[in-house]
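Written below as structure tokens is the structure these notes are about.
The values are calculated or read from the model by the stated rules, or taken from the named source; none is laboratory data. Just so we're clear, the structure is a prediction, and the values are computed from it rather than from any experiment. Backbone-built Cβ (ideal geometry, glycine too); neighbour counts: all protein chains shown. Side chains included, ligands, DNA and RNA excluded: accessible areas come from the protein's heavy atoms. Shrake-Rupley method; radii C 1.70, N 1.55, O 1.52, S 1.80 Å.
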Amino acid sequence: KSYAVLPPVGGVLLGTAAAGIKYKGRTDLLVAKMLEGTQVAGVFTTSKTASAPVEWCRNNIADNGEGRMLVVNSGNSNAFTGKAGVATVKATAAAAAQAGNCRQKDVFIASTGVIGQPMDPEPVVKGIETALASASEDRWDEAARAIMTTDTYPKLASVQVMTDQGTYTIAGISKGAGMIAPNMATMLAVIVTDAALPLSTLDECLRTSADRTYNRIVVDGDMSPNDTVLLLANGASGVTIHSDTDRARFQAALDAVCEHLAQAIVRDGEGATTFITLNVSGTATDAEARQVANTVAT
């Protein structure tokens, strides 16, 4: 496991830019370009006021979009922005699709920051080309910093798994410090792997990991309209997850990455001084235990 310096992941190019969306003198835009055929799974906020980027990603997954381009900005969440927010997402997708030579439904977008403030698409559109101009496979630290808002440090995690077919990597970044509550939090996470998995397996593994990690953390009990966790798999390592044993090992590795990223969010919670783990026993079901834990933690 590596939680400080992440290894390059084949088939994933990462670029950042100081687009000036809100912050001055720091990067605030992450653009990732991925191999053709990259599978993508996602879990999102359960809020009925989901942001325009969340709805865009949901629709693309439902439309069998590939994960060819990823655009993540900090400084503005593009939530509660109505038709203007939808227009910004569409403009971003159009620019990213052109830059990545892919369909718009292959572009995935996430935003974090101020809620309810109209978001001008021009800085993002201009920033996409800037970010791609310096993109490489090893810019994980810069990527994690570009998506920070009130976070005090970048959050990264990776695991490499050795198999008979070769070695594959799962690497991810997350952000979040406030408005953190189960299902999920005001958080973003992007996880990539160079293993190959059937889309149904990728989706099931992500949902299992999210249930065990992101959906069991709380800082202040507030739900966000922007929660997004994306898992992208491109098969660049040549390793394919076939057997039940392969899948169990992949699930364990994914759990480890997600657990570290989720716990890092809690440790960096706004105003937090103590990390607390609650263990509940004696209930009839797991759901009852989780209800008790969530009530006490909140």
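Mind counting the residues in segment 221-242 that are modelled with pLDDT of 95 or more and either in a loop (DSSP other than H, G, I, E, B) or in contact with a helix residue (DSSP H, G or I) (Cβ under 6 Å, 6 or more places away or on another chain) (or both)? Walk me through how you get there before you give the answer.
Within segment 221-242, the subset modelled with pLDDT of 95 or more is 230-241.
The next check asks that each one be either in a loop (DSSP other than H, G, I, E, B) or in contact with a helix residue (DSSP H, G or I) (Cβ under 6 Å, 6 or more places away or on another chain) (or both); those that pass are 231, 233-239, 241.
Residues meeting the conditions: 9.
Of the residues Ala96, Ala91, only one is in contact with a helix residue (DSSP H, G or I) (Cβ under 7 Å, 6 or more places away or on another chain) and open to solvent by 10 Å² or more (accessible area, probe 1.4 Å); which? Explain how you work it out, then say what you get.
Working: Ala96 fails: open to solvent by 10 Å² or more (accessible area, probe 1.4 Å).
So the residue among Ala96, Ala91 that is in contact with a helix residue (DSSP H, G or I) (Cβ under 7 Å, 6 or more places away or on another chain) and open to solvent by 10 Å² or more (accessible area, probe 1.4 Å) is Ala91.
Is segment 249-257 home to any residue that is at pLDDT below 95 and either basic (Lys, Arg) or touching a Ser or Thr at 6+ places or on another chain (Cβ under 6 Å) (or both)?
Narrowing segment 249-257 to residues at pLDDT below 95: none.
No, because not a single residue in segment 249-257 is at pLDDT below 95 and either basic (Lys, Arg) or touching a Ser or Thr at 6+ places or on another chain (Cβ under 6 Å) (or both).
Counting only residues that are more than 26 Å from Glu36 (Cα to Cα), open to solvent by less than 10 Å² (accessible area, probe 1.4 Å) and not in a strand (DSSP E or B), which one in segment 179-209 is modelled with the highest pLDDT?
Among those residues, the one meeting the criterion is Met187.
Take Phe80 and decide whether it is at pLDDT below 95, aromatic (Phe, Trp, Tyr) and at positive phi. Working first, answer last.
Values: at pLDDT below 95: yes; aromatic (Phe, Trp, Tyr): yes; at positive phi: yes.
Against the criterion (at pLDDT below 95, aromatic (Phe, Trp, Tyr) and at positive phi), Phe80 qualifies.
Failed condition for Cys102, given (1) in a loop (DSSP other than H, G, I, E, B); (2) surrounded by 24 or more Cβ atoms within 10 Å (Cβ to Cβ), with all others met?
Only one criterion in (1) in a loop (DSSP other than H, G, I, E, B); (2) surrounded by 24 or more Cβ atoms within 10 Å (Cβ to Cβ) is unmet by Cys102, namely (2).
Pull out all pairs, ordered by first then second residue, where Cβ-Cβ is under 7 Å, the residues are six or more apart or on different chains, the first lies in segment 232-250 and is on the phi > 0 side of the Ramachandran plot, and the second is basic (Lys, Arg) and at pLDDT below 95.
Note: no pairs meet the criteria.
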